[in-house]
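Asks: This is the structure I have questions about; it appears just below.
The values are calculated or read from the model by the stated rules, or taken from the named source; none is laboratory data. This is a predicted model, so every value here is computed, not measured. Because the Cβ atoms are built from the backbone with ideal geometry, glycine has one as well, and the counts that use them run over all protein chains shown. Each accessible area value is taken on the protein alone, full model and side chains, heavy atoms only, with ligands, DNA and RNA left out. Shrake-Rupley method; radii C 1.70, N 1.55, O 1.52, S 1.80 Å.
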Amino acid sequence: MCTKLTWQQSQMTVGNGVYGETIALIGLGAVSKHLIKLLKPFNLKIIACCNYHDNSTEEAKKLGIDEFVTLEQAFSRAYVVSNHLADKENNKKIISKFLFNSMRQGATFINTGRGAQVNEDDMVDVFETRKDLTALLDVQYPEPPALGNPLYTLENIHMTSHIAGSANDEVRRLADFVIADFQRWSREEALLYSVEPASLAWRA
């Protein structure tokens, strides 16, 4: 027996959306550069913070972003801040209370970089009082967070398990890619999954 469901306009999810909004990318490595391409169709202003470019208008245009900004400007101006910093010692706990406190009303912080880059105690302090903010964390430090960590219970912080690649049977797919490219190489054909050394320079 089917029960007829009724839909009411008043039941629609209410939210601002991100049309025409500002998105900040922290770090401009390979992941960020690919993300820029994915964001292009959505009519967004893309700003970025990076110490490995000359931060000129010409360089921004070449990379497909609107503007280079400081870390402080990224957090205070963007509606969505997405962290992609490299895993370096001098980046540990670089994202701290001052930056979280400076975020706009209703803003979102996304971390797919490294958990150690965030001062998690500072983040918890701010997000406990700033209920308007949202954090989406694919990475934490340590992973997983210890039992009893407020990250598990704060309603405006959402965590996902950090799996940067494949798991379980899907690992076999990676082997298939490697074997297929080896066979192409042995036939002196162009490789599908080759990586140029220059594309890895951001890791140095």
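Asks: Please list, ordered by chain and number, the residues whose modelled amide H lies under 5 Å from the amide H of A135; skip anything fewer than 5 residues away on the same chain.
Replies: Excluding prolines and chain starts, which carry no amide H, the hits are F109, I157, H158.
Asks: Which of (i) 34, 19, 15; (ii) 24, 22, 15; (iii) 32, 25, 21 is the computed semi-axes √(5λ) of the Cα gyration tensor in Å for the structure on display?
Replies: Recomputing semi-axes √(5λ) of the Cα gyration tensor in Å here picks out (iii).
Asks: From the backbone phi of the stretch 64-76, what are the Karplus-calculated ³J(HN,Hα) couplings (6.51 cos²θ - 1.76 cosθ + 1.60, θ = phi - 60°) in whole Hz, Gly and Pro given as x?
Replies: Those phi angles translate into x, 10, 8, 6, 8, 9, 7, 4, 5, 5, 4, 6, 7 Hz.
Asks: Ok, one more. Residue by residue, what Karplus-based ³J(HN,Hα) values in Hz, rounded to whole numbers, does the stretch 149-154 have, using 6.51, -1.76 and 1.60 with θ = phi - 60° and x for Gly and Pro?
Replies: 5, x, 4, 6, 10, 5
Asks: Simple spin-label model, 7 Å along Cα-to-Cβ: H162 to N90 in nm?
Replies: Label at H162, label at N90, 2.2 nm between them.
Asks: A further question on this structure: Find, among the chymotrypsin sites (Phe, Trp or Tyr not before Pro) in the stretch 96-204, those assigned to loop by DSSP (not H, G, I, E, B) with at most 15 other beta-carbon atoms within 10 angstrom.
Replies: Passing sites in the stretch 96-204 are Y193.
Asks: Continuing with this model, one more query. Under a crude label model (7 Å from the Cα following the beta-carbon direction), how far is T70 from A175 in nanometres?
Replies: Calculated label separation equals 5.2 nm.
Asks: State the percentage of accessible surface on the chain attributable to carbon and sulfur atoms; use a 1.4 Å probe and exclude ligands, DNA and RNA.
Replies: 55
Asks: Separate question: Within the chain, which is the longest segment that contains none of the trypsin sites (Lys or Arg not before Pro) sitting in a DSSP loop with at most 10 other Cβ atoms within 10 Å?
Replies: 5-130
Asks: Right, something else. Over the stretch 54-204, average the accessible area per residue using a 1.4 Å probe and give it in Å², no decimals.
Replies: 63
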